[in-house]
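Worksheet for the structure shown next.
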Amino acid sequence: MHKILALATIAALTGHSAMTQQAMARENPLLAPSGLFFAAPRFDRITDADWRPALDAAMRAHDAEIAHIATATAKPTFANTIVALEASGAQLVRVGQIFNNITQANSDPTLDALRETMAPLLQAHQDRIYLNPILFARVNAVHAARATLKLDAKSAFLLQNTWRSFVRAGAALSPDAKVKLADLNQRIAKLESSYATTLVAATKDGAVLVTDPAKLRGLSPEDIAAAAQAAAESGKKNAYLLRLQNTTRQPMLATLADRDTRLQLLAASEARGTSGTHDLRPTITQLASLRADRAQVLGFADFASYTLDAQMAKTPAAAMKLLDGLVPATVGKAHTEAADIQAVIDRSHGGFTVTAADWEFYAQIVRHEKYDLDEAAVRPYFELNRVLKDGVFYAANKLYGITFVERHDIPVYQPDVRVFAIYDADKKPLALFYADYFARPNKQGGAWCDNFLPPAGLWQQKSVVVNVANLTKPAPGKPALISFDDVTTLFHEFGHALHTIFSGQTYPSQNGFGVPTDVVEFPSQFNEHWALDKTVFANYAHHYQTNAAMPADMVAKLLRARTFNQGYGATEIVAAALLDLEWHSIPAGKTITDVAAFEAAALHKHGIDIAMVPPRYKTAYFNHIWGGGYAANYYSYLWGEILDDDAYEWFTDHGGLTRANGQRFRDMMLAPGYSAEPMALYEAFRGRAPTVDALSRNRGLDSHAKSP
C-alpha cells in the first residue's frame, strides 16, 4: 500500500482542499503570514476577548470533522479513518497551542479565569472523540484488519498507537463506565487548571520583602538592582523584593551572606501553597484521589501503573528500581559534601549545623577552596545574548548546519521576547524560534519549550517553537549575566526545540513532543553536553566588557568542578521523582488527609529523607505533577539522563562535534519522532541498549555506588 498519502488525497478525506488547509491559518484571527514561509501568531492583534470565540470555533470545526469521519458510509479504511483523524483538528491545535503558551508565560486575571473555564470544556471535547462508540467502531475495524493492510512501518505504528490511544482513553468501556470516566476527567481538568493558576499567585505572594540593605550582603549589584526594581513594581519604596523561583533551592541562597535572610528565603520557598487563600493541599489530595479512581475505571491498580504502561519504563516497579538504585550513591555523595560544608561552618565558628538554607552559601566556599572557582568571577563570561548566539546557535550550526536570522518584524506577546528564523543546511526555511528568557510575576516558574505551531506534513505546517525561562532581568542598561546552570538551561531547552523542528513525519502525532514522556527529556539533556564542548565553550565564554576569552586556568577549574555538589543535585531530583511515584501509587478509594505526613513517610520509605537536602519540589509546589503534565512521570528526567549520557559517549568515541555525527543523530533519533518504538531507534543508533555507567561517571557518583 501507499507509504505517504498525497495532499490531494488527504484533502479529499477531510473535506478540505490543500489550498483551504493553508488558508485556514491565514484566515484565523489569531494567525497571519509571517512574511517568511508560514503563519505566525499575530500577537499585535490578539486581545483577551479573542480567545474564547476562537477556541469555541476551533472546537466546533473539529467536531464537524470528527462527525464526518464517524458517520461515513464507506467501509472503514486506514485512509478514511486513521489518516483522516490525524488530519483533523488543525485549527484547534493552532489556537489551543498559542492559548496554552500565553496563559503559562504571560497571563493576566482574565486569561487565568478563561483557562479555568476552558479546561473542562476542552476535556469534554476530547471525551466526545475518544468515547464516541461509532468512531471507535471504525478505528477498531481497521485495527482488527491490520494484518491484511500491508502498511509500511510508520503507518502500522500509527494505526497501533491510534487504537491504543482510544482504548487508554476509555473507548472500550461500558456506557456506565464511560459516564463515570467523563465525570472524573471533568473534575481532574478543573483541579489541574485551578492548581496551576493558584501556584503562580502563591509564588508571587511568597516573595521575601527586605527593607534593610545590609540583609542583602553578598548579592551581586545586578541582583540587588533587580530586587529593588521588583519591589518598586510592587509598589514598595526603599525596599527589595526577592522573588521565588519554582524549585525548593533558591539561586540567591548561594551568595546571601546574612543567615537570617537565607532562612527566611528558604522558608518562603517551602511554604508555598500551604496556607491562606493559596493553600493547595486540598486540591492536591483531591487530584491524587481522582486520578487513582480514573486509573481503576480504566483497569489499572493505580495512576502510576496506568501512566507507565505507555512509557519506556512500562511499570512503576521499573521506574522505582532505577530510582532506588541511585539512592545509595546520591545520598552517600551528599553526606560527603555535607561534611565538607560543616567543616567550613565549624572553622568559622558558625555554631550551627548545616541546613538546606546554608548549603549553597557554604558550598561555594568549599568549591572555591577545592577548585579555586568563584561564581562571581565566572558570571561575567556568560552574557546571555552571547551564550545564545555564540553558544547554543553555534553548536546547532556545527552539528546540523542550521543558521539563524533574528526577525524584528514579527509580533511578540511581550517586549522581552525575541524571534529568530531558522534555515536548514540547504538554506530552506525550517522554523521560527521565539526566546522568552526573563522572569515576570505573571509567568509560571521554571523553564520549558513548547510549540506555537507543531510541525506536520498533513497540515503543510513547519514548526513555530518557543523556549521560556525565568532568568533574572537586569536593570535597564545592565548586561544579563547568567550562571553556568543557566547556560545549561539554555542548551537544554533548545534541545527540545531541535527535537520538534527536525521532526520530519507526515503524521502530526508522530512529530516532536509526541514521544512518551520518559523519552521527551532525552534530546534536551543530550544537548546540554555541548555547553562544555571545548570548541563551543571557547566560542561563547568571553568577558562581556573586554571580550577576553575565559582564562585557561578558570576553564580548567570549571571542568574539574563539574561533579561538584552533584550529591545534592542528584539527591533532590531522585527524592522528587520518588515522591511523585508514591503520590500516584495510591489505590482507588484511599484519601490522604495529611500531605506533610505522607511526604515524610514516602521519603523515609526510600531512605532519602534528608532535611539538609529537601526534594527539588515539595508536594505543594510540584507543578510538574499537579499542573504540568508530568504526573507519575517526573522520573523521566533521570531516565532520559541515562540515554543522553550514553549517547554523548558515542559522540566522544566517534569524533565529537562534527556535521556527520550531528546528521546521524538528527536522522536516527530526532527526525523519526514517534514513528517507531523509541528503544528500537536508540539501539539502532547506539548499536546496543543503554547502560547507567555513563550517568554515574558524568555525575561523579561511581565512587559512591554500592559494590556489586
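The values are calculated or read from the model by the stated rules, or taken from the named source; none is laboratory data. Since we're looking at a predicted model, the values are computed, not measured. Here Cβ is always computed from backbone atoms with ideal geometry, including for glycine, and neighbour counts include all displayed protein chains. Ligands, DNA and RNA are excluded from the accessible area calculation, which covers all protein heavy atoms including side chains. Shrake-Rupley method; radii C 1.70, N 1.55, O 1.52, S 1.80 Å.
When segment 142-176 is filtered for residues that are open to solvent by 30 Å² or more (accessible area, probe 1.4 Å) and aliphatic (A, V, I, L, M), the ones remaining, listed by number, are A144, A145, A147, L149, L151, A153, A156, V167, A172, L173.
Condition check: closer than 27 Å to A395 by Cβ and buried (at least 20 other Cβ atoms within 10 Å of the Cβ). Does R616 satisfy that? Judged against the criteria, R616 is a match. Being farther than 20 Å from K534 by Cα and hydrophobic (A, V, I, L, M, F, W, C): is that true of V465 here? Yes; evaluated as a whole, the condition is true for this residue.
Output yes when any residue across segment 189-205 is within 18 Å of Q126 (Cα to Cα) and either free of Cβ contacts under 8 Å to residues at least 40 places away in the same chain or surrounded by fewer than 20 Cβ atoms within 10 Å (Cβ to Cβ) (or both), and no when none is. Yes - at least one qualifying residue is present in segment 189-205.
Taking the conditions exactly as written (of a type in the set (K, R) and either more than 30 Å from V179 (Cα to Cα) or in a helix (DSSP H, G or I) (or both)), does K333 satisfy them or not?
Working: of a type in the set (K, R): yes; either more than 30 Å from V179 (Cα to Cα) or in a helix (DSSP H, G or I) (or both): yes.
It is true that K333 is of a type in the set (K, R) and either more than 30 Å from V179 (Cα to Cα) or in a helix (DSSP H, G or I) (or both).
So how many residues does segment 321-349 have that are among the aliphatic types (A, V, I, L, M) and surrounded by 20 or more Cβ atoms within 10 Å (Cβ to Cβ)? Residues flagged as among the aliphatic types (A, V, I, L, M) and surrounded by 20 or more Cβ atoms within 10 Å (Cβ to Cβ) within segment 321-349 amount to 7. If you check D486, D553, D533 for being surrounded by fewer than 17 Cβ atoms within 10 Å (Cβ to Cβ) and more than 30 Å from N161 (Cβ to Cβ), only one passes: D553.
Among the residues of segment 88-110 satisfying the criterion of being closer than 27 Å to H68 by Cα, assigned to a helix (DSSP H, G or I) and out of contact with any strand residue (DSSP E or B) (no Cβ under 9 Å at 6 or more places or on another chain), which is most open to solvent (accessible area, probe 1.4 Å)?
If we filter segment 88-110 for residues that are closer than 27 Å to H68 by Cα, which is where we start, we get 88-99.
Cutting the leftovers down to assigned to a helix (DSSP H, G or I) gives us 90-99.
Pick out the ones that are also out of contact with any strand residue (DSSP E or B) (no Cβ under 9 Å at 6 or more places or on another chain) and you get 91-92, 96, 99.
Numbers: Q91: 47, L92: 26, G96: 13, F99: 5 Å².
Restricting to residues being closer than 27 Å to H68 by Cα, assigned to a helix (DSSP H, G or I) and out of contact with any strand residue (DSSP E or B) (no Cβ under 9 Å at 6 or more places or on another chain), the top hit is Q91.
The test for being over 23 Å from L184 (Cβ atoms), open to solvent by 50 Å² or more (accessible area, probe 1.4 Å), of a type in the set (D, E, K, R) and assigned to a helix (DSSP H, G or I) does not hold for R138. Which one is farthest from Q663 (Cα to Cα), of the residues in segment 377-433 that are open to solvent by 30 Å² or more (accessible area, probe 1.4 Å) and among the β-branched types (V, I, T)? It comes out as V412.
Looking at this structure, is K473 touching a strand residue (DSSP E or B) at 6+ places or on another chain (Cβ under 6 Å), at pLDDT below 95 and closer than 29 Å to E375 by Cβ? I'd like the intermediate steps shown before the answer.
Numbers: touching a strand residue (DSSP E or B) at 6+ places or on another chain (Cβ under 6 Å): yes; at pLDDT below 95: yes; closer than 29 Å to E375 by Cβ: yes.
When the stated conditions are applied, K473 passes them.
The test for being open to solvent by 30 Å² or more (accessible area, probe 1.4 Å), touching a residue at least 12 places away in the same chain (Cβ under 8 Å) and farther than 26 Å from L241 by Cβ holds for G457. Looking at A304, is it under 26 Å from the mean Cα position of the chain (by Cα), crowded, with 19+ Cβ neighbours inside 10 Å and either over 25 Å from G589 (Cβ atoms) or in contact (Cβ under 8 Å) with a residue 12 or more places away in the chain (or both)? So A304 fits the description; yes. Assess whether Y371 counts as being over 30 Å from L253 (Cβ atoms) and hydroxyl-bearing (S, T, Y). When the stated conditions are applied, Y371 does not pass them. Somewhere in segment 485-498, is a residue within 17 Å of E222 (Cα to Cα) and not in a loop (DSSP other than H, G, I, E, B)? Looking through segment 485-498, at least one residue is within 17 Å of E222 (Cα to Cα) and not in a loop (DSSP other than H, G, I, E, B). The sole residue among A469, A431 that is touching a helix residue (DSSP H, G or I) at 6+ places or on another chain (Cβ under 8 Å), under 30 Å from S165 (Cα atoms) and assigned to a strand (DSSP E or B) is A431.
Candidates are the residues of segment 251-263 that are of a type outside the set (D, E, K, R), part of a loop (DSSP other than H, G, I, E, B) and modelled with pLDDT of 95 or more; the one that is farthest from R379 (Cα to Cα) is A257.
Taken as a whole, the structure places T81 among residues that are open to solvent by less than 50 Å² (accessible area, probe 1.4 Å), within 22 Å of W163 (Cβ to Cβ), of a type in the set (S, T, Y) and in a helix (DSSP H, G or I).
Of all residues in segment 426-451, those that are under 19 Å from A671 (Cα atoms) and touching a residue at least 60 places away in the same chain (Cβ under 8 Å) total 8. Among the residues of segment 16-68, those that are farther than 15 Å from L458 by Cα, among the charged types (D, E, K, R) and either modelled with pLDDT of 50 or more or surrounded by 15 or more Cβ atoms within 10 Å (Cβ to Cβ) (or both) comprise R42, D44, R45, D48, D50, R52, D56, R60, D63.
Residues of segment 69-78 that are assigned to a loop (DSSP other than H, G, I, E, B) and either among the aliphatic types (A, V, I, L, M) or surrounded by fewer than 19 Cβ atoms within 10 Å (Cβ to Cβ) (or both): T71, A72, T73, A74, K75, T77. If you filter segment 572-586 down to residues that are β-branched (V, I, T) and either over 17 Å from R294 (Cβ atoms) or without any contact (Cβ under 8 Å) to a residue 40 or more places away in the chain (or both), you find that the one that is surrounded by the most Cβ atoms within 10 Å (Cβ to Cβ) is V574.
In the set (1) of a type outside the set (D, E, K, R); (2) touching a residue at least 24 places away in the same chain (Cβ under 8 Å); (3) touching a strand residue (DSSP E or B) at 6+ places or on another chain (Cβ under 9 Å), the condition left unmet by A232 is number (2).
Within segment 366-384, is even one residue within 30 Å of R272 (Cβ to Cβ) and within 23 Å of the chain's Cα centre (by Cα)? Before the answer, list the steps.
Looking only at segment 366-384, we keep the residues that are within 30 Å of R272 (Cβ to Cβ), and these are 366-367, 375-376, 378-379, 382, 384.
Now restrict to residues that are within 23 Å of the chain's Cα centre (by Cα): 384.
Yes.
How about segment 629-679: which of its residues are open to solvent by 10 Å² or more (accessible area, probe 1.4 Å) and within 15 Å of L695 (Cβ to Cβ)? Y637, W639, E641, I642, Y648, E649, W650, T652, listed by residue number.
For segment 308-320, which positions are touching a Ser or Thr at 6+ places or on another chain (Cβ under 8 Å), open to solvent by less than 20 Å² (accessible area, probe 1.4 Å) and in a helix (DSSP H, G or I)? L308 - this is the single residue of segment 308-320 that is touching a Ser or Thr at 6+ places or on another chain (Cβ under 8 Å), open to solvent by less than 20 Å² (accessible area, probe 1.4 Å) and in a helix (DSSP H, G or I).
Identify, please: which residue in segment 648-686 is among the small types (G, A, S) and closer than 19 Å to T535 by Cα and is, among those, nearest to the chain's Cα centre (by Cα)?
In the first step, residues of segment 648-686 are kept if they are among the small types (G, A, S); the result is 655-656, 660, 662, 671, 673, 675-676, 680, 684.
Filter once more, so that each one left must be closer than 19 Å to T535 by Cα: 655-656, 660, 662.
On the way: G655: 30, G656: 26, A660: 28, G662: 23 Å.
My answer is G662.
For segment 235-242, the condition holds for no residue, the condition being that it is over 19 Å from P615 (Cβ atoms), in contact with a helix residue (DSSP H, G or I) (Cβ under 8 Å, 6 or more places away or on another chain), among the hydrophobic types (A, V, I, L, M, F, W, C) and surrounded by fewer than 17 Cβ atoms within 10 Å (Cβ to Cβ).
Residue pairs whose Cβ atoms lie under 6 Å apart, separated by 6 or more positions or on different chains, with the first residue in segment 375-386 and under 23 Å from L256 (Cβ atoms) and the second open to solvent by 50 Å² or more (accessible area, probe 1.4 Å), are P380/Y544.
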